[in-house]
Amino acid sequence: MYSASDLRKNLRIMLDDEPYIVVDFQFVKPGKGQSLYRCKLRNMLTGSQMDRTFREVDTFQPAETEEKNMQYLYKEGGSFHFMDNESFEQIALTEEQVGDAKNFLIENMECKVLLFRDRPIDITLPNFVDVVVTEAPPWIKGDTVSGNYKPVIVETGYKVSVPPFIEQGEKIRIDTRTGEYLTRVKE
Amino acid sequence: MSTDCKLEDRRRALETRADILHATRAFFLSRGYLEVETPNRIPAPLPESHIDAMPSGSWWLHPSPELCMKRMLAAGYERIFQIAKCWRERERGPLHLPEFTLLEWYRAGIEYRQLMEECEDLLLYVSIARGRGSRVSFRGFPIDLSKPWDRVTVREAFEQYGSVTLEQALAEDRFEEVLALEIEPRLGVSRPVFLCDYPPAFGSLARTKPEDPHTAERFEIYIGGLELANGFSELRDAAEQRRRFEKENETRTRRGRPPYPMPETFLDALSRMPDAAGIALGVDRLVMLFAGASSIDEVVAFTPEEL
């Protein structure tokens, strides 16, 4: 069990029987009175945010979430299929549940899926992913001015800005946390 | 590396801090006060419901120099001031550091109303010593420190700015919440405010009004919504003080905090203490006010996280 003084950014707690994550947090203490903890919380099921102020007597249960290592298998219709690395059970996530991660999911990729009462609610990818460029405008020779980026499309359908020398069929590395191009990958 | 870059950004605030400390000392010396130093490490901190002292061996680092300074007052030191480092556990936020600086002063023969006037004089003195006249700008508010400042009772403040009355807030244990979130931001936005006359439960070392036992002679200074200082007429009744400490310790125990040893040497001295008023003023916040800083981090050389 957590007490209010344990509250901090990214703490996951149960409120009204739903899991919340603390996205912003401020300590307030008037005069010689009791401490207050002003929080911005995000409901991990619905994504909606709310403000709540807690007092030092308030206590919380940790969010009943569980993180599992899974392998991404394939996409079918609007569903993304994963396999639990331990039990080999398969689960399907909707496009909404996968969120921005869909831009970087490639088959057989290892990732972490966050579950609430066996229901997948979030997905964490490796920090870096190597993907093949499927569409790229041609390199105009001589254009070597740095900072002159061009948009390309990679195998997942994601659009990203890259330096002009990147060509179709090449592999590039992307930082999944920022969604930005990092480097060209030579096989 | 990045920490030391911040040090350079803080140079002006740290210079402001030094100016304020010099001016503060000059003010009190000009009024016949003695600057004192009392031990930072003590065997029995104030038993207060909501303040946790930081353990230091089997003793504690003082959360304020209040107890030792009042023993000096009882021994005949009639005007004393101290600029002391103080420690309070688990207090960290944009206005709180677990290690911070308090200015405390005590004066025999006065009560809280005269102490309020001395506060007006001190802040005006410091402001003028900095060469800026009586005007400061804080949180976007242009504020005039000229006296007299406004005096608002806690009851009036709840009526004027609160969503519930003082009685409702007390009954629902929402006093701090309404005060901090609804009332404080609106106090002292054009001139400083003394918020005064607290319910006795919120002034465990303050005297109650001779004509009204339900009101403690305590005040807080607010400037631009910033709580700056807490002062009061001192309670001199040792038996009553012991009862209040016991009650504070009961609250601590009920809320899962360790009770503190009874400060017997202080209680013993209390019966010899003259009528007096005293106050604790947050020096870091005073620097914030004059430096126009939005966070306490900006007015110290290092925060604990940067060490």
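Table for the structure above
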quantity	calculated
Meets criteria (touching a Cys at 6+ places or on another chain (Cβ under 8 Å) and either of a type in the set (A, V, I, L, M) or surrounded by 18 or more Cβ atoms within 10 Å (Cβ to Cβ) (or both)) for B:Thr153	no
Residue match in segment B:169-191 (condition: assigned to a loop (DSSP other than H, G, I, E, B), surrounded by fewer than 21 Cβ atoms within 10 Å (Cβ to Cβ) and of a type outside the set (D, E, K, R))	yes
Verdict on A:Phe104 being within 30 Å of A:Leu45 (Cβ to Cβ) and in contact with a Lys or Arg (Cβ under 6 Å, 6 or more places away or on another chain)	no
Out of B:Ala53, B:Ala75, B:Ala44, B:Ala18, sole residue that is exposed (fewer than 13 other Cβ atoms within 10 Å of the Cβ), closer than 27 Å to B:Gln241 by Cβ and either aliphatic (A, V, I, L, M) or touching a residue at least 60 places away in the same chain (Cβ under 8 Å) (or both)	B:Ala75
Residue that is modelled with the lowest pLDDT [pool: residues in segment B:131-143 that are exposed (fewer than 15 other Cβ atoms within 10 Å of the Cβ) and under 23 Å from B:Arg25 (Cβ atoms)]	B:Arg132
Filtered residues of segment B:84-103 (kept if away from chain A (no Cβ under 14 Å) and touching a residue at least 60 places away in the same chain (Cβ under 8 Å))	B:Glu99, B:Thr101, B:Leu103
Looking only at segment A:45-101, and only at residues there that are aromatic (Phe, Trp, Tyr) and not in a loop (DSSP other than H, G, I, E, B), the one that is surrounded by the fewest Cβ atoms within 10 Å (Cβ to Cβ)	A:Tyr74
Some residue of segment B:244-261 being within 14 Å of chain A (Cβ to nearest Cβ), touching a residue at least 60 places away in the same chain (Cβ under 8 Å) and farther than 27 Å from A:Asp58 by Cα	no
Matching residues, segment B:19-43, being in contact with a helix residue (DSSP H, G or I) (Cβ under 9 Å, 6 or more places away or on another chain) and in a helix (DSSP H, G or I)	B:Asp19, B:Ile20, B:Leu21, B:His22, B:Ala23, B:Thr24, B:Ala26, B:Phe27, B:Phe28, B:Ser30
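The values are calculated or read from the model by the stated rules, or taken from the named source; none is laboratory data. Everything numeric here is computed off the predicted structure, so don't read it as measured data. All Cβ positions, glycine included, derive from the backbone under ideal geometry; neighbour counts span all protein chains shown.
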